[in-house]
Every structure is written in C-alpha cells, then in structure tokens.
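Working notes, structure below.
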Amino acid sequence: MPGLVGGPGVSSTTRGFLDALDPALWPSERAPRVVLAQVNSRLSAYRDALGLDAGLDFHSLRRSYVTHLIETGWDPLFV
C-alpha cells in the first residue's frame, strides 16, 4: 500500500508510529506492525471455516460497508 504514510485518515498521533519504509499501519502486541497480508490471512481462515465464498476479502467488506453508509444517507463526501 504505497503512499499510505501520511495519507487521508491517518491522525497526527498515528503518524508518529509510522515508518516511511513500512507499509503497515497498526501496531500489535505480537509484532511492531500489522500488515494487510496478516489481516487477509486471518479473514481467509475464518471465511473458509464458515464456508463463505472464496471471493470474500478484506476489501470486499470495506466496499460493502461504504455502500451501506451511502444507502442509509451518509454524506458521500464524509464516506
């Protein structure tokens, strides 16, 4: 996820934890950063265990969430 550091939605507090060479965003108790691959791996394991469609990924959940916000009247500029 190049370009994430200092991007929209990153608070000044969070920005202090970021390393320009590291694409991860969230610190973890088990590792200095949680990367998207870790999130997708965990989601894939849960998805498979529940018998959900293999096409379901982290980004699919994000798109679905944004769609529901817009459909329920949230301002698209906010979303």
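The values are calculated or read from the model by the stated rules, or taken from the named source; none is laboratory data. Worth saying up front: this structure is predicted, and the values here are computed from it rather than measured. Don't worry about glycine lacking a Cβ; one is built from the backbone with ideal geometry, like all the others, and counts go over all protein chains shown.
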Mind counting the residues in region 31-78 that are among the hydroxyl-bearing types (Ser, Thr, Tyr) and not in a helix (DSSP H, G or I)?
-> 1
So which residues in region 58-78 are of a type in the set (Gly, Ala, Ser) and under 16 Å from the mean Cα position of the chain (by Cα)?
-> Ser60, Ser64
Within the set of pairs 6 or more residues apart or between chains, which connect a residue that is farther than 23 Å from Asn40 by Cβ inside region 58-79 to a residue that is assigned to a helix (DSSP H, G or I) and at pLDDT 90 or above with Cβ atoms less than 6 Å apart?
-> Pro76/Ile70
